[in-house]
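Please find one structure pasted underneath; my questions will follow.
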Amino acid sequence: MPASQRVLVEIYRKMALIKHNDDRFISMIKAGRLTMPYYSARGQECIPAAISVLLTDRDYITTIYRGVHDMLAKGVPPKLLWAELAGRATGTCKGKGGPMHITHPESGCMVTTGIVGASMPIACGLGLAAQVRGEDRVVIANFGDGASNIGAFHESLNLAAVWKLPVIFVCQNNLFAEHTTLANGTAVQDISVRAAGYGIPGVTVDGNDPRAVYDAAQEAIRRARAGDGPSLLEAKTFRFNGHVFGDAGEYIPKDQYAAAVANDPYPRFRDALIAEDVATSAELDEIDALIETEINEAVTFAMDSPFPELSELGIDIYAPVGQA
Amino acid sequence: MSQTLVKPPAKINTVQAINLAIADAMEADENVIVFGEDVADLEGGGIVKVTQGLSTRFGGNRVRSTPISEMGFVGAAVGASLVGLRPVVEVMLMNFTAVCMDQITNHAAKLRFMSGGQTHVPLVIRTMTGAGFGTGGQHSDFLEAWFCHTPGIKVVAPSNPADAYGLMRAAIADEDPVIFIEHLPTYWVAGPAPAPGHFVPLGKAAIVQEGRDVTLIGYSRSVHDIRAAAVNLEKSGISCEVIDLRTISPLDMPTILASVAKTGRAVVVHEAVRSFGAGAEISARLHEQLWTKLKAPVQRVASKDCPVPFSKPLETGFLYSVDDIEIAVRTTLANA
Ligand SMILES: Cc1ncc(C[n+]2csc(CCOP(=O)(O)OP(=O)(O)O)c2C)c(N)n1
């Protein structure tokens, strides 16, 4: 089923939430008010926005250091995310995880890893748990193109295929792994062809086109829910802000960058919704305004929150005595 | 009342004890699942048959043989444990933990802390090792120090079948990741059978022999050698107290400190290579915490600082001997 008008607007809302949060993270870092390694996903917001509208709270995601977009789309409350990134006691993880290690089980965000590829075996385990217990849950395992070159990716696809696990491997192919181009680090142009080596479906879509991502994800999720096993979904996209905040991106060819900006998924989708009469510009502005308010509240909440007590260094290493 | 028809055997070996412990845990809690290479009955029930019969009894949903993908299936065990399953996975040999170290040390060990306590990893990784069978440099190492050096992991190494049963039950019930080290060369040594449901608490050492003059501390294989040395030393009138750590990390410091405060002397014995090992940690803590009560420097007895060699004389020379333990004890006494 193609996305309804209501769903398209919801995808827009999520994209706007991700984009406006990203803008604010960067302005806060530039202003010296936030200190953290920040891996911006600006340019990739369409992918989790279009996938997450197909998920329920019961479904799980795993993501990576570049994962704030995935978390916001899945429903991690912005104020908890902001507080975590600001290292505050009120953050998702009491400030003990930070940007590369967000966990928020309530919204299904089970693991964020800073080790390239490592969240894919864990995603298999989340799928295994659902399968063993006969629960209707799917797992979205997010990762980058570079991660498709590490062993964990290959072991995970094989294991998920052999056990028919309800996992959708979502490769957000932004064409760079740190400073290495896809061509220089990856033996294939399309990551999706790697699915054939594991006997599972693999498709490549325009990751800046919400409808294309939605349609492909819908089929992969249907398969997973039906017990037919995993799929590999590659969404081609681009990251506008380099690998990490401070990366000037000298290694990115100027014309490639200009073409990517011309294909920025956020204005592209906004314009399309208006042109196709799905929403008026005023309606979308209203969505944006609500998001701005939510972000303002999140920033205030985070910056007004206390830092964690030093006693936290001795807590959460092992189960509290008596519980084990 | 129905009568007990089958009398449990008075003696069992460690293979049987661990098999029984896992089976009893699976019976008691349906969240306990088992996987690893060749662990299901179709594949023989494990290369040493520790998991024999489990897949037939509990079904292929809960007991699965895996592809040769330690990173993949240990990571899957981490993931499954995050949402409440209690996986007991087999990493066939301890050296193979090297290929899934990221999942163990960066993920299993740290997710409780990094998530601020929102998730945790109730996972048991069973693995076997031990020199003496000519398996050489990549199949025989004791690598417990790698894991003990990572906060968030517990490390267990039983020396006898009853403890193996009780520690396995406790490890499966524990809320944190446990590395469970099984000693291959003593798998088939029979010992008294545990009572059903026998739990040995993690982090609690056992004083297996009381003595006056010196405390001998070991775990896994070295407990057997320590006891042999103690018998010989007794003939020279030297009285040894013997501690079986059972859990290497976290260390049971109260038991160790009380014993060494009494004897004033300590020798730590392990099969792992000497440098940067558990012996170094225990020795350091004793010197820090018991300096004024020590009558002699703490001695370490361990394997040579080299890869495990193949050739029989080399392998024997690599391992410490019972003689080495006796010499170390006499050294602590000579300093008196
Ligand atoms: C195992 C490992 N090796 C190297 C790194 C350093 N590193 C961090 S991100 C990255 C590039 C990953 O690229 P990709 O998978 O395409 O994801 P992207 O950052 O483009 O979203 C590298 C090499 C790491 N974090 N983990």
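The values are calculated or read from the model by the stated rules, or taken from the named source; none is laboratory data. Here the structure is a predicted model, which is why all the values come from computation and not from measurement. Neighbour counts are summed over all protein chains in view; Cβ atoms, including those assigned to glycine, are modelled from backbone coordinates with ideal geometry.
So which of B:A302, B:A284 is assigned by TED's automatic domain parsing to the domain that holds B:I238 and part of a helix (DSSP H, G or I)?
So the residue among B:A302, B:A284 that is assigned by TED's automatic domain parsing to the domain that holds B:I238 and part of a helix (DSSP H, G or I) is B:A284.
Given the structure, is A:L290 within 24 Å of the chain's Cα centre (by Cα), over 24 Å from A:L80 (Cα atoms) and more than 14 Å from chain B (Cβ to nearest Cβ)? Step through it out loud before you land on a result.
On the way: within 24 Å of the chain's Cα centre (by Cα): yes; over 24 Å from A:L80 (Cα atoms): no; more than 14 Å from chain B (Cβ to nearest Cβ): yes.
It is false that A:L290 is within 24 Å of the chain's Cα centre (by Cα), over 24 Å from A:L80 (Cα atoms) and more than 14 Å from chain B (Cβ to nearest Cβ).
Being at the interface with chain A (Cβ under 7 Å from one of its Cβ atoms) and of a type in the set (G, A, S) is the filter here; which residues of segment B:85-116 pass it?
Matches in segment B:85-116: B:S115, B:G116.
Also: Is it the case that some residue within segment B:177-187 is more than 26 Å from B:K295 (Cα to Cα), outside the structural domain of B:D244 (by TED's automatic domain parsing) and among the hydroxyl-bearing types (S, T, Y)? Please lay out each step first, then the result.
Residues of segment B:177-187 more than 26 Å from B:K295 (Cα to Cα): B:177-187.
Add one more test, that the residue is outside the structural domain of B:D244 (by TED's automatic domain parsing), and what stays is B:177-187.
Still in the list and also among the hydroxyl-bearing types (S, T, Y): B:186-187.
Yes, there is a match, as at least one residue in segment B:177-187 is more than 26 Å from B:K295 (Cα to Cα), outside the structural domain of B:D244 (by TED's automatic domain parsing) and among the hydroxyl-bearing types (S, T, Y).
Name every residue in segment B:147-168 that is more than 12 Å from the chain's Cα centre (by Cα), surrounded by fewer than 22 Cβ atoms within 10 Å (Cβ to Cβ) and of a type outside the set (G, A, S), in order of residue number.
B:H149, B:T150, B:P151 - these are the residues of segment B:147-168 that are more than 12 Å from the chain's Cα centre (by Cα), surrounded by fewer than 22 Cβ atoms within 10 Å (Cβ to Cβ) and of a type outside the set (G, A, S).
On to the next question. Go through A:A147, A:A129, A:A123, A:A187 for me and flag whichever is outside any strand (DSSP E or B) and within 12 Å of the ligand (Cβ to nearest atom).
A:A147
Could you tell me which residue of segment A:30-54 is nearest to the other protein chains (Cβ to nearest Cβ), considering only residues that are within 11 Å of the ligand (Cβ to nearest atom) and among the hydroxyl-bearing types (S, T, Y)?
Ranking the candidates gives A:Y39 first.
Taking only pairs six or more apart or across chains, which ones have beta-carbon atoms under 7 Å, a first residue in segment A:150-176 that is in contact (Cβ under 8 Å) with a residue 40 or more places away in the chain, and a second residue that is among the aromatic types (F, W, Y) and more than 16 Å from the ligand (Cβ to nearest atom)?
From segment A:150-176, the pairs are A:L157/A:Y198; A:N158/A:Y198; A:A161/A:Y198.
Specify which of the listed residues (B:V178, B:V200) is within 14 Å of another protein chain (Cβ to nearest Cβ), within 22 Å of B:I33 (Cα to Cα), surrounded by fewer than 24 Cβ atoms within 10 Å (Cβ to Cβ) and not aromatic (F, W, Y).
Sole residue among the options that is within 14 Å of another protein chain (Cβ to nearest Cβ), within 22 Å of B:I33 (Cα to Cα), surrounded by fewer than 24 Cβ atoms within 10 Å (Cβ to Cβ) and not aromatic (F, W, Y): B:V200.
Among (1) surrounded by 11 or more Cβ atoms within 10 Å (Cβ to Cβ); (2) assigned to a loop (DSSP other than H, G, I, E, B); (3) free of Cβ contacts under 8 Å to residues at least 24 places away in the same chain; (4) not aliphatic (A, V, I, L, M), which single condition is A:D277 missing?
(1)
Of all residues being within 15 Å of the ligand (Cβ to nearest atom) and crowded, with 24+ Cβ neighbours inside 10 Å in segment A:103-120, which is nearest to B:S81 (Cα to Cα)? Just the residue, please.
A:V111
Under 9 Å between Cβ atoms, at least 6 apart or on separate chains: pull out the pairs that start in segment B:238-262 with a residue that is under 13 Å from B:C148 (Cβ atoms) and away from chain A (no Cβ under 14 Å) and end on any residue that is aliphatic (A, V, I, L, M) and assigned to a loop (DSSP other than H, G, I, E, B).
From segment B:238-262, the pairs are B:L245/B:A157; B:L245/B:A205; B:L245/B:L251; B:I248/B:A157.
Could I ask something else about it? When only residues in segment A:100-125 that are among the hydrophobic types (A, V, I, L, M, F, W, C), within 7 Å of another protein chain (Cβ to nearest Cβ) and over 13 Å from the mean Cα position of the chain (by Cα) count, which is nearest to B:T66 (Cα to Cα)?
Among residues in segment A:100-125 that are among the hydrophobic types (A, V, I, L, M, F, W, C), within 7 Å of another protein chain (Cβ to nearest Cβ) and over 13 Å from the mean Cα position of the chain (by Cα), the one nearest to B:T66 (Cα to Cα) is A:C124.
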